[in-house]
Amino acid sequence: MISHELREFVDRVMDRHAIDDEDVKMLQREILSDVVISRETLDVLIALDRAVMVKAASFADYLVALTVDFAVWECRPTGKIDRDKAHWLVTTLSAGEGPTQTAQRIGFEIVREAQSCDEAMVSFALRKGDAQMRGVSFQPERLFLAS
């Protein structure tokens, strides 16, 4: 469950259709400073990244750092992206029209930071990087994860 403050922040940003540097400072210093980050919180912020077209670069930097820190170091098993975390991350980062540039960065940075990664997460990060290097926009495809 997300906090009331975060819900109000999302409403305000969606009304303005933009995230500026002041919004990012508010998010860092007031809304998320004393909050235990959860998958739900990150799901909301990643969805906000998809929904808002005008964003300060600091929002992407903060979202990447926050997601990598949570997925790799705060969420058990520490330092590892197991099958469950990989499934959640790939699903969240690929939602909608496919991953945003920020979501692609998150995937790459998680694979780079983690001591070990499930193959689904590695595949996600590599497919995005390969498409970017060739100048091709990534076309989302259905990814089936074995259970």
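What the table below lists for this structure:
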{"read-out": "Helix-derived mean residue ellipticity, 222 nm - over the chain, DSSP H n ≥ 4, -39500 (n - 2.57), to 500", "value": "-17500 deg cm²/dmol"}
{"read-out": "Order of 109, 30, 5 - criterion: other Cβ atoms within 10 Å of each residue's Cβ, fewest first", "value": "30, 5, 109"}
{"read-out": "The chain - percent relative contact order, Cα under 8 Å, separation 6 or more", "value": "21"}
{"read-out": "Segment 4-133: mean projected area of Cα convex hull, nm²", "value": "7.6"}
{"read-out": "Residues 80, 85, 55, sorted so that the one with the fewest Cβ neighbours within 10 Å comes first", "value": "80, 55, 85"}
{"read-out": "Using θ = phi - 60° and Karplus 6.51 cos²θ - 1.76 cosθ + 1.60, couplings along segment 37-46 (whole Hz; Gly, Pro as x)", "value": "5, 10, 4, 4, 4, 5, 4, 5, 5, 5"}
{"read-out": "5 angstrom amide H check on residue 19, placed H, neighbours 5+ away", "value": "54, 55, 56"}
{"read-out": "Euclidean distance between Cα centres, segment 16-64 to segment 85-111, Å", "value": "16"}
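Quick note: the coordinates plus some simple rules give every number you see, no bench work behind them. As the structure is a prediction and not an experimental result, all values here were calculated from the model. We place every Cβ from the backbone using ideal geometry, glycine too, and count neighbours over all the protein chains shown.
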